[in-house]
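First up is the structure itself, then whatever we jot down about it.
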Amino acid sequence: MKSVITTVISAADAAGRFPSSSDLESVQGSIQRAAARLEAAEKLGGNLDAVAEEAYNACISKYSYLNNPGEAHSTPVFQQKCLRDIKHYMRLINYCLVVGGTGPLDEWGIAGQREVYRALSLPTAPYIEALTFARNRGCAPRDMSAQALTEYTALLDYAINSLS
C-alpha cells in the first residue's frame, strides 16, 4: 500500500539516489499532519454508515430518474449495491487518512473503475454527487477540527476527480 513514505523511498530508489531534502520535507509534512488525519479517520470511522447513508440519499434525491424501471437504481438489489459502493469509497478514504497517502484509493477504488462503470453502463454522476455531498456536509468544529476537515475533504476531492 502506498503512503507518502513508501512513495518517496520508491521514487528515490528508482532514480538510484537517496531521498532529497525536498523528499524528506514532504515526509515531514505528512508526519506533522498525521494527528489531523487520524482525527478525521476516527470521526469518519465512527460515523461511516451514517455519512454514507446521507450521501446515498442525496445522490438519489438529485438523480431520482435512476429509480425508473430499467435504470441503474430500479431494484432493491441495485439500491443496496449503490449504497455498498458509496460505503466502499468512504472506507477507502478512511484508509487513506490512516496511511497518509492515496494508495488505498488508487489501488482499490480508482484502478479500472471507469472501465467497470462503462462496461456495466453505470453512471458516475450519482457517485460524484454522493461524495460531493459528503465533502460539503463536513463542518468544523461540529464534526472535526479544521485541519482534520481539510485532510478529509482533500481525499474526497481526489476521489471525486477520479470519477469525473
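The values are calculated or read from the model by the stated rules, or taken from the named source; none is laboratory data. Small disclaimer: the values here were computed from a predicted structure and weren't measured. Counting neighbours? That spans all protein chains shown, and the Cβs are built from the backbone with ideal geometry, glycine included.
Name every residue in segment 142-151 that is more than 20 Å from Gln32 (Cβ to Cβ) and of a type outside the set (Lys, Arg), in order of residue number.
Kept after step one, since they are more than 20 Å from Gln32 (Cβ to Cβ), are these residues of segment 142-151: 142-143.
Scanning segment 142-151 gives a single hit, Asp143.
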Checklist entry - How many of the residues in segment 86-126 are outside any loop (DSSP other than H, G, I, E, B) and over 11 Å from the mean Cα position of the chain (by Cα)? => result 12
Checklist entry - Can you name the residue in segment 100-124 that is at pLDDT below 90 and aliphatic (A, V, I, L, M) and, of all such residues, is farthest from Ile60 (Cα to Cα)? => result Ala111
Next on the checklist: Please count how many residues of segment 131-143 are modelled with pLDDT under 95 and either in a loop (DSSP other than H, G, I, E, B) or among the small types (Gly, Ala, Ser) (or both).
Outcome noted: 6
Checklist entry - Hey, Arg135 hits all of (1) over 30 Å from Gly29 (Cβ atoms); (2) surrounded by fewer than 20 Cβ atoms within 10 Å (Cβ to Cβ); (3) in contact with a helix residue (DSSP H, G or I) (Cβ under 7 Å, 6 or more places away or on another chain); (4) of a type outside the set (A, V, I, L, M, F, W, C) but one; which does it fall short on? => result (1)
Next on the checklist: Looking at segment 146-162, I want the residues that are in contact (Cβ under 8 Å) with a residue 40 or more places away in the chain and under 17 Å from Val4 (Cα atoms) and have a partner that is hydroxyl-bearing (Ser, Thr, Tyr) and not in a helix (DSSP H, G or I) with Cβ atoms under 6 Å, at least 6 apart or on another chain. Which pairs are those?
Outcome noted: Tyr158/Thr102
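Give me a count of the residues in segment 27-78 that are touching a Leu at 6+ places or on another chain (Cβ under 8 Å) and not acidic (Asp, Glu).
Applying the first criterion (touching a Leu at 6+ places or on another chain (Cβ under 8 Å)) to segment 27-78 yields 37-38, 40-41, 44, 51-53, 55-56, 60, 72-74.
Filter once more, so that each one left must be not acidic (Asp, Glu): 37-38, 40-41, 44, 51-52, 55-56, 60, 72-74.
Counting residues in segment 27-78 that are touching a Leu at 6+ places or on another chain (Cβ under 8 Å) and not acidic (Asp, Glu) gives 13.
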Checklist entry - free of Cβ contacts under 8 Å to residues at least 24 places away in the same chain and within 20 Å of Leu131 (Cα to Cα), is that true of Lys81? => result yes
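Can you tell me which of Ala72, Ala52 is buried (at least 18 other Cβ atoms within 10 Å of the Cβ) and assigned to a loop (DSSP other than H, G, I, E, B)?
Working: Ala52 fails: assigned to a loop (DSSP other than H, G, I, E, B).
Of the residues listed, the single one that is buried (at least 18 other Cβ atoms within 10 Å of the Cβ) and assigned to a loop (DSSP other than H, G, I, E, B) is Ala72.
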Next on the checklist: Being over 27 Å from Gly29 (Cα atoms), out of contact with any Lys or Arg (no Cβ under 8 Å at 6 or more places or on another chain) and hydrophobic (A, V, I, L, M, F, W, C) is true for just one of Ala146, Ala154, Ala130. Which residue is that?
Outcome noted: Ala130
Next on the checklist: Suppose we filter Gly100, Gly70, Gly109, Gly138 for residues that are small (Gly, Ala, Ser), without any contact (Cβ under 8 Å) to a residue 60 or more places away in the chain and on the phi > 0 side of the Ramachandran plot; which single one remains?
Outcome noted: Gly70
